[in-house]
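Just so it is clear, none of the values below were taken in a lab; they were calculated from the coordinates. Keep in mind the model is a prediction, meaning the values are calculated, not measured. Cβ placement follows ideal geometry from the backbone for every residue including glycine, while neighbour counts extend to all protein chains displayed.
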Amino acid sequence: MGAHVTRTQVGIIGAGPAGLFLSHMLHRMGIESVILESRSREEIEATIRAGVLEQWTVDLMNGMGLGERMMREGHFHTGFTLRVNGESHHVDTAELTGGKMVTVYPQHELLKDLAAARLAEGGQILFGVTGVGLEGVECDRPVIRFRRGTDGPEEELRCDFVAGCDGFHGPSRQAIPAALRTEYQKVYPFGWLGILTEAPPSYHELVYANHPRGFALLSTRSPEVQRLYVQCDPKDDIANWSDDRIWSELHQRLETRDGWRLTEGPIFQKGIIAMRSFVCGTMRHGRLFLAGDAAHIVPPTGAKGLNLAVADVVYLSRGLEAFYKEGRTDLLDGYTETCLRRIWKAERFSWYMTTMLHRNEEDSPFEQRIHLADLEYAVSSRAAMTAIAENYVGLPL
Ligand code: APR
Ligand code: PHB
């Protein structure tokens, strides 16, 4: 007996921000899709990740009628703080960019809203699939093989196009022959130790701190839960970080000369993340299109990851719409180039914020002074601060 076959127009691998936004946009264009996701819905909705939304991402959510809970529960800041050696410098994004805000809405909350709305519209998201494999992306009839759960029979999803929205470790990028793939990568010699603490907000906006002991970041999740990070060795063992040591580092790196102090609370989650910059310069292969973390990674300092994933699928959905409605392939043909223009600017900004704000033991004393000068210039010049603000709230699509 042959494998069970499902047909759709666009087969989407991955129900992260890229895959879910894409299926919503396609649905609104009258294009069918099916999402195949290896994790369970519960696992996705419980995974803590960043969640700084650029202004246009917020506008897009609202434009699709999906922003109600975000507008109610999100945190809207008119700027953020750069803290250098105990002195605070407010980057007033609203004033510097014509009203654009910094929105903090945790990624898993956004994913909950997107998945619930898609399923309510009758959208197909298959969670917990295994054995996802791509075939025929070089011809007009791609097939995605998969199983439901670990022991379902092998099935086929036949589609016109495959969207590889399966994150950095997913199989889609590997389906592009290595000889045709150009990849760029930089690995940083530092990481972030992130915690969640049950405490009220310590400050009214995000604080990015540069300190001789290393970088620290104060962010928020809700009125009761705060998210904080300290720069650490990416190979360090989390067991070396007692709660006391974490608070001690956070206090030292974040405290101000005018006596402001962090509010402590019980730490209920902690973990270390490594940092890299990565770009796959080949985002299309035949009928396979990569989007989001499958194609690029930014270090989290610029808060660009989620927004960049959404920008890719905006371009992809426009290309698919032009194909289905007008039989045009020019937008799909230009997909990689269009995406890369935005991606490299976000890569540059994320690298810039990262190198400027962290302490890098591998830097020569000359480079260390240059980064410090960069930071001192940034907080003392309206022109430099405007450049930071307009990148932070998101360059135009
Ligand atoms: N089969 C099906 N799904 C898969 C497979 C597979 N073999 N491999 C990975 N996936 C799923 C993952 O479980 C995940 O849910 O693909 C999804 C990819 O989602 P993300 O990693 O969130 O990537 P993306 O949608 O591009 O969003 C990028 O999310 O990772 C954060 O910080 C990052 O904010 C950025 C954003
Ligand atoms: C977060 O809240 O997790 C967060 C905020 C801003 C960043 C990175 C992470 O730049």
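Some points to look at:
- Based on DSSP H segments of at least four residues, each scored -39500 (n - 2.57), the chain has a per-residue ellipticity at 222 nm of -11000 deg cm²/dmol.
- A DSSP coil position with no more than 14 other Cβ atoms inside 10 Å describes the following GluC sites (Glu not before Pro) in the range 341-375: GLU361, GLU362.
- Close amide H partners of GLU264, meaning residues 5 or more places away or on another chain with modelled amide H under 5 Å apart, do not exist here.
- Hits among lysines - C-alpha to C-alpha of LYS186 under 26 Å, sequence gap 8 or more where chains match: LYS235, LYS270, LYS304, LYS345
- Once the Cα gyration tensor of the chain is diagonalised, semi-axes √(5λ) in Å: 38, 22, 21
- When you work out D = kT/(6 pi eta Rh) for the range 1-133 at 10 °C and 1.306 mPa s, using the Kirkwood radius from C-alpha pairs as Rh and the Stokes-Einstein form, the result is 95 µm²/s.
- Sites SER222 and ARG348, calculated FRET efficiency, Cβ-Cβ separation with R0 30 Å, nearest 0.05: 0.40
- Taking the Cα centre of the range 85-197 as reference, the dipole from Cβ charges on Lys and Arg (+1) and Asp and Glu (-1) amounts to some 200 debye.
- Among VAL52, VAL34, VAL313, residue whose mean-square fluctuation peaks in a GNM of the chain (springs only between Cα atoms under 10 Å): VAL34
- Using the Cβ-Cβ distance between GLU367 and HIS169 with R0 set to 41 Å, the FRET efficiency from 1/(1 + (r/R0)^6) comes to roughly 0.80.
- Annotation: extensible slack from ILE48 through GLU198 equals 52.5 nm (criterion: 0.36 nm per residue apart, minus Cα-Cα distance).
- Highest GNM mean-square fluctuation among GLU224, GLU73, GLU249, for the chain modelled with Cα contacts below 10 Å: GLU224.
- Projecting the Cα atoms of GLY67, CYS139, THR8 onto the charge dipole of the chain, computed from C-beta unit charges around the Cα centre, puts CYS139 farthest toward the positive end.
- For the range 174-229 versus the range 236-263, the gap between their alpha-carbon centres in whole angstrom: 15
- Surface/4 of the Cα convex hull for the range 1-55, nm²: 5.6
- DSSP assigns beta bridges within the chain; of those with both partners inside it, close to 70 percent run antiparallel.
- Against the rule of thumb 2.2 N^0.38 Å, how large the Cα Rg of the range 127-205 comes out: 1.69
- Within a Gaussian network of the chain (alpha carbon springs, distance under 10 Å), most fluctuating of HIS285, HIS358, HIS169: HIS169
- Over the chain, relative contact order from alpha-carbon pairs under 8 Å, at least 6 apart, %: 20
- Relative contact order (%) - criterion: Cα under 8 Å, at least six apart; region: the range 82-239: 19
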